[in-house]
Amino acid sequence: MTKAVVAELVELLQLERLEQDLFRGQSRDIGTRFVFGGQVLGQALAAAQRTVEGRYAHSLHAYFLRAGDVEAPIVYQVDRQRDGKSFSSRRVVAIQHGAPILNMAASFQIPEPGVSHQLSAPDVPKPDDLGEADPIDPEALAKIPAKLQRWITNRGPFEFKHVYPRDELKRPKRPPFQHVWFRLCDRIADDDNLHRSLLAYASDFHLLGTTTFPHGISYLQGNVQMASLDHALWFHRPFRVDEWLLYSCDSPSAEGARGLARGSVYDLNGRLVASSAQEGLIRITDPE
């Protein structure tokens, strides 16, 4: 079952080429109300990578414009904005039902040496030293919509281990940071572009949720509306998503119905392999 779920995700990132710079991707229903933002990010990066040779993505910046329909495919239109001596720039528009749902700019660079430094990885337990998560309270689970129950309980293509677990159904208040180990549940090919697309997919997990911690609220509440507004991702060093990576997230600010979160991705050896940032909508409506 695990291999099938991983193979399905890998297949999701293998886009169908319609024209030279036009691609189509399918959508996957993972229990969210709309298309998971990480899916659109991963597919948009996969589309851009299909138009570049000998250069590797080092950054992407995206805006989520509309919610995606999980029942419909998404078309990705790539604009080859520039191919210089060292860098290439691509603009990708994700289109569904005739309207853009995401705009993304991505930059690619030829491999070259240079100065190197990084901030140290946080001192947290390794994934093998962490126990299994506590089972979900069936009575509390039964109070949320059936589709969200599937989102919480289904085993997806990634395995997650929280250093400081938080019960989203009980929502305790705590400082706005968290550390989460994650990896793909099965081994995949040695394809750097595929691993980057999969990290783009996974980088949308846990990030925005960090902004809710000080307020004791959760996306599972009926009166809390949350949605990603933008997403940035930088690739620093080679990595594999089928080996353990640590996602260290913090939220420096929330204001004006928006929350900002930042993430650093480290491998088991403490190498900083990627960084992310995201701002999202956090709107509390009528009392719960």
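Computed from the coordinates by the stated procedures, all read-outs in this text should not be read as laboratory data. Keep in mind it's a predicted model, so treat the numbers as computed, not measured. Positions of Cβ are generated from backbone atoms using ideal geometry, with glycine treated the same way; all protein chains shown enter the neighbour counts.
Let's test the formula: R0 of 41 Å, r as the Cβ-Cβ distance of residue 169 and residue 18. What FRET efficiency results, to the nearest 0.05? Working shown, then result.
Values: r = 43 Å, r/R0 = 1.05.
Once rounded, the FRET efficiency stands at 0.45.
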Exercise for review: Throw me the Rg/Rh for region 1-99, computed over C-alpha atoms with Kirkwood Rh, two decimals.
Suggested key: 0.98
Practice item. Please give, to one decimal in nm, the separation of the simple spin-label points placed at residue 71 and residue 91, each 7 Å out from Cα toward the Cβ. Key: 3.3
Practice item. For a footprinting-style exposure proxy, rank 231, 117, 97, 179 by other Cβ within 10 Å, fewest first. Key: 117, 97, 179, 231
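Could you order peptides 258-267, 38-47 by the average number of other Cβ atoms within 10 Å of their residues, highest first? Working shown, then result.
On the way: 258-267: 21.6, 38-47: 26.5.
The densest-packed peptide leads the list: 38-47, 258-267.
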Check your understanding: Any idea what the relative contact order of region 163-288 is, in percent, if you count C-alpha pairs under 8 Å spaced at least 6 apart?
Key -> 30
Check your understanding: Where the Cα atoms of region 190-288 are projected onto their three principal axes, how long is each span, largest first, in whole Å?
Key -> 49, 22, 19
**Study point:** Point-to-point label distance, residue 225-residue 110, nm (Cα→Cβ direction, 7 Å offset)
**Key:** 4.9
Exercise for review: List the extent of the Cα atoms of region 2-51 along each of their three principal axes, largest first, rounded to whole Å.
Suggested key: 32, 25, 15
Practice item. Compute the long axis of helix 192-202 from its Cα atoms, compare it with the longest principal axis of the Cα atoms of the chain, and write down the angle in degrees, 0 to 90, nearest 10. Key: 30
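For residue 29 and residue 83 in the same chain, what is the full-extension length gain: residue separation times 0.36 nm, less their Cα-Cα distance, in nm?
So the extension gain works out to 15.8 nm.
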Revision key, fill the gap. With +1 at each Lys and Arg Cβ and -1 at each Asp and Glu Cβ, the charge dipole magnitude of the chain around its Cα centre, to the nearest 20 debye, comes out at 460
Study note, to complete from the structure: Each label sits 7 Å from Cα toward the beta-carbon; between residue 130 and residue 162 the label points are separated, in nm, by 1.0
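Taking the Cβ-Cβ separation of residue 99 and residue 193 as r and a Förster radius of 25 Å, what is the calculated FRET efficiency to the nearest 0.05? Walk me through the intermediate numbers first.
Values: r = 28 Å, r/R0 = 1.12.
Working from the Cβ atoms, E equals 0.35.
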Point to revise | Rg/Rh for the chain, where both radii come from Cα atoms and Rh is the Kirkwood radius | key: 0.95
